[in-house]
Amino acid sequence: MVQSPRSINLSEAELQQLVDKAFPLDRRLLDVLEVSVTTPRLRLNSERNRIATELQVSTRDRLFGGQWFGRLALDSGLRWEASDQTVRLAQVRVTEFKLDGGGSGSSSLARTQSERLGAVLAEKVLEDFTIYRLTRERAARLERAGVMPGTVAVTPRGVEVTLQPAAR
């Protein structure tokens, strides 16, 4: 009798490699800002079952030509999406967002606007962002073994997708 696997495990290094392949991300926000997000750096936070991520950000105001460069720090949970066999970011929360350049970056109005931009950026670009996709071959092997992915947890060793009996 063949014993089926109990989980899919991804180390922090494996996750970093997978995420690196998806960057840079270039998006247009609110039809006036062009945003480029690069250089993701992941850290596991198993105590809170979350992943901390730091990214470099550059923005360009399409109306007035201003440019800003900065850093976005966030943390997020993870969830399994059965419809496309992926692990995705969930409940993305900005922990820090700093921009330099483009004018009076020290005013409280500029700080408020950059905080709003950080929240919009995280919500629009990174919520539901795919960090892992189960290959067709691996999905077929799991199906033959009678199991399917279930819960996703951040552990000190990496991300663990627990396998559960498949519905029959």
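The values are calculated or read from the model by the stated rules, or taken from the named source; none is laboratory data. As the structure is a prediction and not an experimental result, all values here were calculated from the model. Methodologically, a virtual Cβ is constructed for each residue, glycine included, from the backbone with ideal geometry; neighbour enumeration extends over all protein chains shown. The protein model used for the area step is the full one, side chains on, heavy atoms only, and it has no ligands, DNA or RNA in it. Shrake-Rupley method; radii C 1.70, N 1.55, O 1.52, S 1.80 Å.
The table for this structure:
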read-out: Neighbourhood charge, 15 Å Cβ-Cβ cut-off, centred on residue 151 and excluding it, Lys, Arg +1 and Asp, Glu -1; value: +2
read-out: Within-11-Å neighbourhood charge of residue 11 [Cβ basis; K, R +1; D, E -1]; value: -2
read-out: Protein accessible area in the chain, 1.4 Å probe - carbon and sulfur %; value: 49 percent
read-out: Net charge contributed by nearby residues that have their C-beta within less than 11 Å of residue 28 (K/R +1, D/E -1); value: +1
read-out: Nearest-0.05 FRET efficiency for residue 96 and residue 31, computed from C-beta distance (R0 35 Å); value: 0.85
